1. So, in nm, how far is label V46 from label D106 when the simple model puts each one 7 Å beyond its Cα toward the Cβ?
2. So how do 204-216, 131-143 stack up, highest first, on mean other-Cβ count within 10 Å?
3. Assign one of three labels to the range 31-84, namely rounded, prolate or oblate, based on the Cα gyration tensor with a ≥ b ≥ c the square roots of its eigenvalues; rounded applies when a/c is under 1.5, prolate when it is not and a/b is larger than b/c, and oblate otherwise.
4. When a/c is below 1.5 the answer is rounded, else prolate if a/b is larger than b/c, else oblate, so apply that to the range 101-152 with a ≥ b ≥ c taken from the square roots of the Cα gyration tensor eigenvalues.
5. Report Rg/Rh for the chain, rounded to two decimals, where Rg is the Cα radius of gyration and Rh the Kirkwood radius.
6. Could you give the spread of the C-alpha atoms of the range 130-231 along their three principal axes, from largest to smallest, in whole angstroms?
7. Can you list the chymotrypsin sites (Phe, Trp or Tyr not before Pro) in the range 22-84 that are in a DSSP coil and have 13 or fewer other beta carbons within 10 angstrom?
8. Given A184, W143, L126, which one lies farthest toward the positive end of the charge dipole of the chain, if we put +1 on the Cβ of every Lys and Arg and -1 on the Cβ of every Asp and Glu?
Amino acid sequence: METITPERRDRVRQEAIADIPWWYSPWGHLAATTGIGLVVLVLATVRLAALPVDPTDLLVVPLVCLFANAFEHQVHKRVLHRRMWPFEVIYDKHTPLHHVVYVEHDMAVRSARELRLVLIPAMGVLGIVVTAAPFALVVGRLWSAGAGWLFLLTASLFMVSYELLHLAYHAPSGSLVGRNRIIAKLRAHHARHHDPRLMQRYNFNVTVPLFDWVLGTMAPKPEHDARAGDAWHATCSPPPRRPR
Ligand SMILES: [Zn+2]
Ligand SMILES: [Zn+2]
């Protein structure tokens, strides 16, 4: 059990920022991850406009949203918070880094370069879209071509919404995005997950906490969790520093 003191948080933050390569562009990173969704949106819109789409095809949209919400919950719980082959790098960027730099009452990024510590790498987003493509093909064959494109489109936009919402939670709470009431409500849910005492057990949904509710992993309200103290405890250690 390691204590996450403010000094340790500052040190991990400084080391993480020093590790960001000189060529890194936070706005390029954001444009790449959202741009992947935009490309799929344009492709799917063009294809769907040329296809006969039955109203029943639209059922694919809520079904994919449900599945994606469950997937988000389980991957966050089992991959981002447990170090396992071959996903060690994902764990290293999440539990001992993202969760040490940002804690419940100090969630905001302090500079644009910190987008590197919040956003998923563009290749990760692309990987998820590419992984969804064969499933979309199967849906296209077994259901209809329109349903197949709707599958790919919904999965891609869900991924982009995850990225944008997570970034919004880590925007300063007084900013235009941070002041939005819906964002503030969802941020409170994610911020509880950033309490190191709770992160391994509660609030794994980042978009909408549906499967946290279904699977009973909603964190207790702050007033019911009065074991306060200024020292934060977590079962994590800093990620190994990699040569640049
Ligand atoms: Zn976060
Ligand atoms: Zn987490």
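Values quoted throughout were computed directly from the atomic coordinates according to the rules given, and no laboratory measurement underlies them. Every value quoted in this text rests on a predicted model; they were computed, and no experiment measured them. Neighbour counts run over all protein chains shown; Cβ positions are idealised from the backbone, glycine included.
1. The modelled label-to-label distance comes out at 4.9 nm.
2. The most tightly packed comes first, giving 204-216, 131-143.
3. Here the range 31-84 falls in the oblate category.
4. Because a/c hits 1.5 or more and a/b exceeds b/c, the range 101-152 counts as prolate.
5. Reported Rg/Rh, Kirkwood definition of Rh: 0.99.
6. That works out to 56, 32, 20 Å along the principal axes.
7. The qualifying sites are W22, W23, Y24.
8. L126
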